[in-house]
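Reviewing the structure listed below.
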Amino acid sequence: MLEVPKQRAIRPVLKTALPARVLNHDRDMALTTLFFEDGELRVPIIDSPIGSGVTVRIDARDVSIALSRPMDVSITNRLPGEIAELIHLSPPYVRVTFNLGKTYLHALVTRESVERLALAPGVSAWVMIKAVAISDRELKPNLAPQPRPWPLDRKTNPRTR
């Protein structure tokens, strides 16, 4: 009997690129904190000075989804969002696009996960990204988002004087 080899589904390569700014370096943990428009990301320490701009690349296959706030997990980066779009790709893959506020982030999951979690546009969920999965490259500083400065010159409320 002649066997025909089964064709294996080709996993799509989907990446999200985010402009970010270096907030600080934690040398003890060997992690860098980056600020982007919708929050912060912790990544393996990078060789960029505080305040410099970088582009963060996140591969969709390194993004996981949780329907409730993930607490007891080893994944460092957990961000709340809403599912904006589901695109069914070559089986078994589905691209899930999240709206984090100003940022859209892609996750690559299986159809089984979509059905099991009842994922659909408009559903609130959490995206989880392993710190070790994030890569960076330099970005012109003027293109990186600036964190809102802490108001040092806050005046006291005249009613509370």
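Please treat every number below as a calculation from the coordinates, not as lab data. Just so we're clear, the structure is a prediction, and the values are computed from it rather than from any experiment. Here Cβ is always computed from backbone atoms with ideal geometry, including for glycine, and neighbour counts include all displayed protein chains.
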Open item on the list: Just to confirm a number: summing +1 for Lys and Arg and -1 for Asp and Glu over residues other than A66 whose beta-carbon lies under 15 angstrom from that of A66, what do you get?
Closed with: +1
Open item on the list: Please list 3J(HN,Hα) in residue order for the range 82-96, calculated via the Karplus relation 6.51 cos²θ - 1.76 cosθ + 1.60 where θ = phi - 60°; whole Hz, with x for glycine and proline.
Closed with: 9, 5, 9, 7, 10, 10, 7, 9, 4, x, x, 8, 9, 8, 9
TODO: Name the residue farthest towards the positive end of the dipole of the range 1-101 from the options T32, L14, F98, assuming +1 on Cβ of Lys and Arg, -1 on Cβ of Asp and Glu, about the Cα centre.
DONE: L14
Task: Sequence-distant residues sharing a close amide H with T76 (under 5 Å, placed H) - done: A131
Open item on the list: Less than 14 Å from a label point 7 Å out along the Cα-to-Cβ axis of N99: which backbone N atoms in the range 10-41 qualify, by residue?
Closed with: none
Task: In order through the range 121-132: 3J(HN,Hα) via Karplus (6.51 cos²θ - 1.76 cosθ + 1.60), integer Hz, x for Gly, Pro - done: x, x, 6, 7, 7, 10, 9, 10, 10, 5, 4, 6
Open item on the list: Over the Cα atoms of the range 15-140, what radius of gyration and what Dmax do you get, in Å?
Closed with: 14.8, 44
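Provide the gained length on full extension for the span L86 to Q146, in nm with one decimal, where the gain is 0.36 nm per separating residue minus the Cα-Cα distance. Walk me through the numbers before you get to the answer.
Values: separation 60, 0.36 × 60 = 21.60 nm, distance 3.10 nm.
Gain on extension, L86 to Q146, equals 18.5 nm.
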